[in-house]
Structure formats: C-alpha cells, structure tokens
Amino acid sequence: MRQHLPQRRPGPGVPRPGSAPDLRVLFLGSSLTYNNEMPLLVQAFARAVGKNVDVVTVAKGGFSFEDHCKKGAALSTLRKGPWDFVVMQQGPSTLTASRRNMREWARRLADPIKEAGARPALYMVWPGEDRLAYFDEVRISYQLTAEDIGGMLIPAGEAWRAAWRRDPNVPLYRRDREHPSGTGSFLVALSIFGMLLSRSPVGLPAKVQLSSGSFAQATPELAKLLQESAAEANDTYGRR
C-alpha cells in the first residue's frame, strides 16, 4: 500500500509550506497510532483539501493513558501548545479493570489537555482478530471515556466493521492479527480526518504523499469503499 518515492512539489490547492496551520493536532497513543505513519496520513488528507494541519506524535508500543501520565513526553509536549485537538488512543480496554483504568487516567489527562487549549478526541481502536466478538465492548469503553471528559469520539474501529460489511475480505489487520495493515491505517486516517475537519472523507484522493516523502494509496475502488465506511461510522457513532 505504501512505497517510498522522491519528494514532489505540492500541487494546486495544497497549502504552501510555512503557512500558518489551520489546526495543530497532538497524537498520544501506542503502535496502533504510529504504525504506517498514520498521523502523517491524516495530515496528507487535510492537505488534499487545502488545509494545513500540524501533527506531532507521542506514541510508544503498548502505552496506555496511565503510561503517558507517568512517563514519556506526553505532558511536556502538551505544555508546548496551544493545540486544537489531542487524539488519544490506548488498547481495546474491554475488561472491567482495563476500562476503569482507561477512564481514570483519561480524566487525569483531560486537565492538561484543556489547559493547552485543546479538545480531547478519543480514537476508538478494535479488538484482536481472535476477539472480534468484543467490538461493541471496545466502542463502549471509548464512548464512556469520551463522555467522561467532554471529548470527541472518533469511531475508527467501527469504520473497520463498516468496511467488512461491504467486503469481508478487506485486509485491515497485519499478519500479527492485532496491528493495522497499511489499508487499516488508511481507513483509520479517513475517520480521524472526517471528525477533526467536520467533513466527509468521501471524494478524497486514492493516493496521497506524506510529509515524510512516502506515498499511501489504494485502488480507486478500495479507496471509495474505505471512504464510505469511514463516513458511515462517523455519522453513526461519532461524537463531536
């Protein structure tokens, strides 16, 4: 899905480098955030519609909200705001104890997020491929957490389900049956783009260049399916 090619000059309608950002977005998460350069893909989709979105990512494999509160660069990076949104993600958090932990530490993060001028945005993930029956529980954990802190809910995991309803063979998992494939991250980024920019992802390009110099792409047919799936999930489950 992704190949590395030389950097090209921005096309028409793309924000000029150095122009003031329309949004500043901080991503706090784990490998489900940083895999496949997903935050840069959100940025690239925004650029495709003429929006300049600054993204910064603080993410480490296996990190929870508690980990971000106790160690790492999350709090110091928040203080470098202002930010418009902080996109927050941890694991599926379906067990009672893990859901309680998620809600408690999201509340502790909410104050420094709001002090930085930002709105928290909960990026809903998905269960492992061997636990697909727990999708509803994942959504409920993220819904409750978003409600606790007055945050946005980005239903990326539900966008995965919407894609599978259209085509059960869409390859959203990597071989480890937990992390997103390139296609899975493409779909996540469409959902996040739609929620942060309050617009439908339908009609976005099937191929975009990331600021790292790489490209993310899908066939036109698959891109349309993914865009429609993200739009459906955002309309049905998104909390603005």
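Can you find a residue that is closer than 26 Å to TRP105 by Cβ, buried (at least 24 other Cβ atoms within 10 Å of the Cβ) and under 18 Å from the mean Cα position of the chain (by Cα) anywhere in region 162-179?
Taking every residue of region 162-179 in turn, none turns out to be closer than 26 Å to TRP105 by Cβ, buried (at least 24 other Cβ atoms within 10 Å of the Cβ) and under 18 Å from the mean Cα position of the chain (by Cα).
Give me the pairs, please: first residue somewhere in region 157-174 and more than 19 Å from ASN234 (Cα to Cα), second residue anywhere and part of a loop (DSSP other than H, G, I, E, B) and among the polar types (S, T, N, Q), beta-carbon distance under 9 Å, and either six or more positions apart or on two chains.
PRO171/SER181; TYR173/SER181; ARG174/SER181
So is GLU228 in contact with a helix residue (DSSP H, G or I) (Cβ under 9 Å, 6 or more places away or on another chain) and surrounded by fewer than 22 Cβ atoms within 10 Å (Cβ to Cβ) or not? Give the steps one after another, and end with the answer.
On the way: in contact with a helix residue (DSSP H, G or I) (Cβ under 9 Å, 6 or more places away or on another chain): yes; surrounded by fewer than 22 Cβ atoms within 10 Å (Cβ to Cβ): yes.
Here the answer is yes, as GLU228 does meet what is asked.
Take region 113-149 and flag every residue that is closer than 16 Å to SER93 by Cβ and in a loop (DSSP other than H, G, I, E, B).
Selection gives MET124, VAL125, TRP126, PRO127, GLY128, ILE149.
Could you go through region 127-148 and let me know if any residue there is under 14 Å from the mean Cα position of the chain (by Cα), within 20 Å of PRO180 (Cβ to Cβ) and not hydroxyl-bearing (Ser, Thr, Tyr).
Start the filter on region 127-148 by keeping residues that are under 14 Å from the mean Cα position of the chain (by Cα), which leaves 142.
Cutting the leftovers down to within 20 Å of PRO180 (Cβ to Cβ) gives us 142.
Next cut, not hydroxyl-bearing (Ser, Thr, Tyr) only: none.
No, region 127-148 has no match at all.
Only the coordinates and a few stated rules stand behind these numbers; no lab work does. These figures come from a predicted structure and were not determined experimentally. Backbone-built Cβ (ideal geometry, glycine too); neighbour counts: all protein chains shown.
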